[in-house]
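Below is one structure; the comments refer to it alone.
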Amino acid sequence: MGMLREFRDFAVKGNAIDMAVGIVIGTAFTGIVNSLVKDIIMPPLGWVVHNLDFSNLQLTLNKATAIRYGAFFNAVVNFLIVAFAVFLVIQQVNRFTRKKVEPPAPTTKECPYCASTIALKAVRCPQCTSEIR
């Protein structure tokens, strides 16, 4: 019964639920990023580079062995495009969610006579006993 209780405690804790929500949101976000890359970024990019495909490039060592560096190059380019698309999406999300933070109002001021820090509402400096206007 101890293991069942321990599993229940783990499953109900915020970390496990947060992780599950993150995975579900991440899966949905994958669809957005893939659509951004496939439907918006790739058409103009394909038009500019005339649909270059490096997947058939390879270095043949013997009849049975080949180093397919073209497929690797395509994977690297695809990764860079997807990473850039994720960067653009996250940058926009951050721009929308960023709140302007105003600095807190000051609660102290400096005594003009002795330069000590005093309360903002003070009319007399506790250090030098000068009257503050």
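Taken together, the values in this text are just the output of simple stated rules run on the coordinates, not laboratory data. Because the structure is a prediction, the values reported are computed rather than measured. No Cβ is skipped: glycine too gets one built from the backbone with ideal geometry, and neighbour counts run over all protein chains shown.
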Fill in the blank from the handout: So, relative contact order of the range 2-97 in percent, Cα under 8 Å, 6 or more apart, is 20
Fill in the blank from the handout: Between Asn62 and Ser35, the two model label points (7 Å from Cα along the beta-carbon direction) sit apart by a distance in nm of 5.1
Handout entry: MRE, 222 nm, helices only [DSSP H, n ≥ 4, -39500 (n - 2.57), over the chain, to nearest 500]
Key = -17500 deg cm²/dmol
Practice task
Round to the nearest 10 and give me the degree value, 0 to 90, for the angle of helix 14-35's Cα axis relative to the longest principal axis of the chain.
Solution key: 60
Handout entry: Those trypsin sites (Lys or Arg not before Pro) in the range 1-42 that DSSP places in a loop and that have at most 11 other beta carbons within 10 Å
Key = Lys13
Exercise for the section: On a 0 to 90° scale, report how tilted helix 69-97 is relative to the longest principal axis of the chain, with both axes built from alpha carbons and the result rounded to the nearest 10. Expected result: 30
Handout entry: Cα long-axis angle, helix 2-12 against the chain (0 to 90 degrees, to the nearest 10)
Key = 80
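With the radius of gyration and the Kirkwood radius both derived from the Cα set of the range 2-97, what is their ratio Rg to Rh?
Details: Rg = 21.0 Å, Rh = 17.2 Å.
Across the range 2-97, the Cα-based Rg/Rh ratio is 1.22.
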Completion exercise
Any lysines whose Cα falls less than 26 Å from that of Lys109, other than same-chain ones fewer than 8 residues away, would be Lys100, Lys121
